[in-house]
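Here the structure comes first, spelled out in structure tokens, and everything after it is commentary.
The values are calculated or read from the model by the stated rules, or taken from the named source; none is laboratory data. This is a predicted model, so every value here is computed, not measured. All Cβ positions, even for glycine, are placed from backbone atoms using ideal geometry, and neighbour counts span all protein chains on display. Please note that ligands, DNA and RNA were not included when accessible areas were found on the heavy atoms of the full protein model with its side chains. Shrake-Rupley method; radii C 1.70, N 1.55, O 1.52, S 1.80 Å.
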Amino acid sequence: MTSELLVGTKKGLFVLRGDPSAGEPFEIANRAFPGDVVEFAMRDPRTGRYFASHTSGFYGPRLMYTDDPAGEWTQAEGPAFPEGDDAQTLERIWMIRPGEADGLLYAGVAPAALFTSTDDGASWSLNDALWKEHQAGDWQPGAGGLALHSICPWPGDPQRLAVGVSAAGVWITDDGGQTWRSGFTGLVPEYMPDDAREDTNVLCVHNMHRAPTRPERLFMQFHGNVYRSDDEGSSWIEIQAGLPSGFGFPMALDPADADNAYVIPLVGAEDRVTPDAQVRVYETRDAGSTWTARGDGLPADEAYLTVLRQAFGSAGEGAAMELYFGATSGDVFGSPDAGASWFQVHERLAPVTSVRVA
Amino acid sequence: MAMVTLRAPLSQRTGGTSEHDLPGETVGEVLRELERRHPPIVGWILDEQGRVRPHVNVFVSGERTNEGATVEPADVLTVLPSISGGSA
């Protein structure tokens with residue numbers, strides 16, 4: 001059975017196709033936006049529409065969509081900040097995520113803001129309430145900028161949503177984005193002095209996902225820790241014991257198992273490569289009590305890879321779940337069996353910024 | 001009317017046409033009129049605040065300018081990518 005990957009890179013979007021059960025490299029079916037950084041690409045399963053956010057070094061960022069990635073792409077109307085609104089300019093589109101209503105999509109951008117579309121991504125408008133929190137809150141950027149990069153809808157309820165911001169923490173709405181509250185109890189920003197941690201809002205969320213079958217549960221890759229919340233994001237407990245490092249960026253979940261999460265640790269903030277020169281994905285099936293290394297088929301020595309925030313995608317669920325991730329080395333790896341075994345999907349692409357299964 | 005000259009890929013956003021006679025008293029006004037007539041180029045030269053993007057150069061009759069520069073009817077606006085743009 002053929003799978004299709006959308007791999008965003010620093011030099012365009014690569015559409016890869018192949019049979020993961022064969023364990024052979026995928027073919028490049030198409031390359032779009034050559035020369036531009038493609039920060040994120042995904043396909044909305046409801047409509048089949050493809051989206052790609054890309055940034056020209058000359059002409060700025062934009063969101064494109066198409067029904068055929070080998071055909072013409074249409075530029076969306078936005079996301080763009082309202083003219084005259086504190087003179088903000090869109091820097092990057094980090095994430096596009098389908099919402100829980102017909103035609104509803106979200107986009108997370110830098111500078112950190114949430115945009116909403118109600119027409120299947122053709123046009124976008126700024127969430128004013130969260131933007132006011134941003135303006136009032138002295139939000140600070142992480143190394144990758146001030147980015148809203150994680151968007152976690154609540155299955156079946158478009159009124160409830162949580163978003164993650166680097167470095168301004170977790171923001172939660174229960175009324176469709178009209179009001180927002182932050183959730184931070186238990187998060188430990190070890191990069192801050194002890195006496196400044198309690199009151200700081202400089203909370204560097206690296207990635208956040210909601211467990212679909214138990215939506216009050218969220219998993220988070222933080223700057224130096226991995227956390228779980230069982231109360232919708234209001235409070236968090238550390239779950240990184242058993243990992244070689246609490247530092248990393250990407251995360252994936254098995255949508256059928258609320259106790260499951262996958263992370264790809266890096267050595268640390270000062271050395272952002274895979275630990276022990278080995279590439280390993282770590283899996284928990286008990287909500288973070290224990291972690292198991294999954295590296296069968298991945299590079300086992302002299303491998304110093306960096307896997308970025310959006311460069312880890314999945315499809316399906318359970319033992320047959322497909323997992324794919326890409327590195328800044330240009331390598332892409334895949335697993336047809338939920339991480340039990342791995343194969344090289346492609347090598348020598350440009351540095352990979354995002355991976356999603358179409 | 002001033003004339004705006006574009007190269008690819010910008011000219012591809014304006015129906016393949018590289019020369020455009022447009023009204024306006026400033027660079028910003030002329031380029032906004034270009035956007036009005038050719039919506040696919042919205043956001044490519046000017047950002048959403050109406051400023052020339054940092055890695056785009058707009059020359060008026062050979063002199064590099066910005067969105068606030070005055071334009072005379074006989075002026076030629078040449079839009080080119082800056083050598084500071086792009087990435088390795």
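Only one of the numbered conditions (1) under 22 Å from A:Met64 (Cα atoms); (2) more than 9 Å from every other protein chain (Cβ to nearest Cβ); (3) out of contact with any strand residue (DSSP E or B) (no Cβ under 6 Å at 6 or more places or on another chain) is not met by B:Val52, and that is (3). In the set (1) free of Cβ contacts under 8 Å to residues at least 24 places away in the same chain; (2) within 28 Å of A:Gly78 (Cβ to Cβ), the condition left unmet by B:Gly62 is number (2). Take B:Val71 and tell me if it is in contact (Cβ under 8 Å) with a residue 60 or more places away in the chain, more than 25 Å from A:Gln88 (Cβ to Cβ) and more than 14 Å from chain A (Cβ to nearest Cβ). Criteria met by B:Val71. Considered as a group, the residues in the range A:320-337 that are open to solvent by 10 Å² or more (accessible area, probe 1.4 Å) and touching a Leu at 6+ places or on another chain (Cβ under 8 Å) include one that is nearest to A:Thr9 (Cα to Cα), and that residue is A:Thr328.
Picking from B:Glu67, B:Glu48, which residue would you name as being crowded, with 16+ Cβ neighbours inside 10 Å and touching a helix residue (DSSP H, G or I) at 6+ places or on another chain (Cβ under 7 Å)?
Details: B:Glu48 fails: touching a helix residue (DSSP H, G or I) at 6+ places or on another chain (Cβ under 7 Å).
Matching residue, one of B:Glu67, B:Glu48: B:Glu67.
Which residues, taken from the range A:184-203, are modelled with pLDDT of 85 or more and open to solvent by 70 Å² or more (accessible area, probe 1.4 Å)? Selection gives A:Phe184, A:Thr185, A:Glu190, A:Tyr191.
A quick yes/no check of all residues on (1) of a type outside the set (D, E, K, R); (2) over 29 Å from A:Gly297 (Cβ atoms):
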position: A:Lys10; (1), (2): no, no
position: A:Glu24; (1), (2): no, no
position: A:Phe33; (1), (2): yes, yes
position: A:Arg46; (1), (2): no, yes
position: A:Phe51; (1), (2): yes, yes
position: A:Thr55; (1), (2): yes, yes
position: A:Phe58; (1), (2): yes, yes
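Inside the range A:250-271, residues that are open to solvent by 10 Å² or more (accessible area, probe 1.4 Å) and of a type in the set (A, V, I, L, M) make up a count of 5. For A:Gly176, indicate whether it is out of contact with any helix residue (DSSP H, G or I) (no Cβ under 7 Å at 6 or more places or on another chain), open to solvent by 20 Å² or more (accessible area, probe 1.4 Å) and in a loop (DSSP other than H, G, I, E, B). Here the answer is yes, as A:Gly176 does meet what is asked.
Scanning the range B:8-43 for residues that are of a type in the set (Asp, Glu) and either farther than 23 Å from B:Thr70 by Cα or within 13 Å of another protein chain (Cβ to nearest Cβ) (or both) turns up just one, B:Glu35. The single residue among A:Leu203, A:Leu146 that is over 25 Å from A:Pro98 (Cα atoms) and free of Cβ contacts under 8 Å to residues at least 60 places away in the same chain turns out to be A:Leu203.
Whether a residue is assigned to a strand (DSSP E or B) and basic (Lys, Arg) was assessed, and A:Arg214 does not pass this test. Is it true that some residue in the range A:217-229 is farther than 17 Å from A:Ala252 by Cα and open to solvent by 20 Å² or more (accessible area, probe 1.4 Å)? Looking for residues that are farther than 17 Å from A:Ala252 by Cα and open to solvent by 20 Å² or more (accessible area, probe 1.4 Å), one finds at least one in the range A:217-229, hence yes. Among the residues of the range A:283-304, those identified as within 24 Å of A:Ala241 (Cβ to Cβ), crowded, with 17+ Cβ neighbours inside 10 Å and in contact with a Ser or Thr (Cβ under 7 Å, 6 or more places away or on another chain) are A:Glu283, A:Thr284, A:Trp291.
Do any strands (runs of 3 or more DSSP E) entirely within the range A:252-349 hold 1 or more residues that are touching a residue at least 12 places away in the same chain (Cβ under 8 Å) and under 24 Å from A:Trp236 (Cα atoms), and if so, which?
Passing ranges, in order: A:261-265, A:281-284, A:292-294, A:312-315.
Each row is one residue, and each column tells you yes or no for (1) part of a helix (DSSP H, G or I); (2) in contact with a Cys (Cβ under 7 Å, 6 or more places away or on another chain); (3) over 25 Å from A:Gly12 (Cβ atoms); (4) open to solvent by 40 Å² or more (accessible area, probe 1.4 Å).
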{"site": "B:Pro9", "(1), (2), (3), (4)": "no, no, no, yes"}
{"site": "B:Leu34", "(1), (2), (3), (4)": "yes, no, yes, no"}
{"site": "B:Pro54", "(1), (2), (3), (4)": "no, no, no, yes"}
{"site": "B:Pro73", "(1), (2), (3), (4)": "no, no, yes, yes"}
{"site": "B:Leu77", "(1), (2), (3), (4)": "no, no, yes, no"}
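Candidates in the range A:41-66 are the residues that are open to solvent by 40 Å² or more (accessible area, probe 1.4 Å) and assigned to a loop (DSSP other than H, G, I, E, B); of these, the one that is farthest from the other protein chains (Cβ to nearest Cβ) is A:Pro45.
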